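Below is one structure, written out as C-alpha cells; comments come after it.
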Amino acid sequence: MPARPASLRQLPKSWQRAWARKDLTARELAVLERIVAGRANKEIASDLTISEATVKTHVNNLLSKLGVSDRTNAATVAIQRGLVHFNKAPIMKLSLVLLLSILISLSLEAQSKTGWRFRHDGGA
C-alpha cells in the first residue's frame, strides 16, 4: 500500500477501509462501534470498563483520524467505509435520533454529488 495520501478520498474504497482500520486502534474501533449503536460516553465507559474521560480521549482521537468533527459524521463515515456493520455491532439498538441524523447526512451528501434537490410544491 502506498504512503498515506493527504485525503483518503483519493484512494479506491478498499484502500480507504484498509487505511482507516489501520489508523484506528482496537479500542477506538470498539468505541466507534458503540457510537454507531447510539451509546453515550457514560454507557461506552461502562461497556468497556474504562473511565468516561478515557472514552472522550478515544472519541477525539477517532474523530481526528476519520477527518470528521462530530459523532454523527463519525458514524456516517464508519458505515460508508465499511468500518462498522450493524450486524457486527455489539449493541444493536440504534437511537432514532442518530439513525435519522445518519440518513439525513447520507441524503445531503448524495444531493451535493448529484445536484438533485427535493422540491415540495405545497401539495398543489
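Can we say Ala6 is surrounded by fewer than 15 Cβ atoms within 10 Å (Cβ to Cβ), aliphatic (A, V, I, L, M), at pLDDT 85 or above and over 23 Å from Ile102 (Cβ atoms)? Spelling it out, it is not the case that Ala6 is surrounded by fewer than 15 Cβ atoms within 10 Å (Cβ to Cβ), aliphatic (A, V, I, L, M), at pLDDT 85 or above and over 23 Å from Ile102 (Cβ atoms).
So that you can scan it fast, the table gives a plain yes or no per residue for (1) at pLDDT 90 or above; (2) hydrophobic (A, V, I, L, M, F, W, C):
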{"residue": "Ile35", "(1), (2)": "yes, yes"}
{"residue": "Gly38", "(1), (2)": "no, no"}
{"residue": "Leu83", "(1), (2)": "no, yes"}
{"residue": "Arg119", "(1), (2)": "no, no"}
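If you go through region 38-55 and pick out every residue that is surrounded by fewer than 15 Cβ atoms within 10 Å (Cβ to Cβ), aliphatic (A, V, I, L, M) and either over 26 Å from Leu100 (Cα atoms) or touching a residue at least 60 places away in the same chain (Cβ under 8 Å) (or both), you end up with 1.
For region 11-18, the criterion of being modelled with pLDDT under 90 and either under 11 Å from the mean Cα position of the chain (by Cα) or loosely packed, with under 12 Cβ neighbours inside 10 Å (or both) is met by at least one residue.
Please list, ordered by first then second residue, the pairs with beta carbon atoms under 6 Å, 6 or more apart or interchain, first in region 102-124 and within 20 Å of Ser69 (Cβ to Cβ), second at pLDDT 75 or above and of a type in the set (Val, Ile, Thr). Within 6 Å, the pairs are Ile102/Thr76; Ser105/Thr76.
The values are calculated or read from the model by the stated rules, or taken from the named source; none is laboratory data. Here the structure is a predicted model, which is why all the values come from computation and not from measurement. For neighbour counting, all protein chains shown are included, and Cβ atoms are generated from backbone atoms with ideal geometry for every residue, glycine included.
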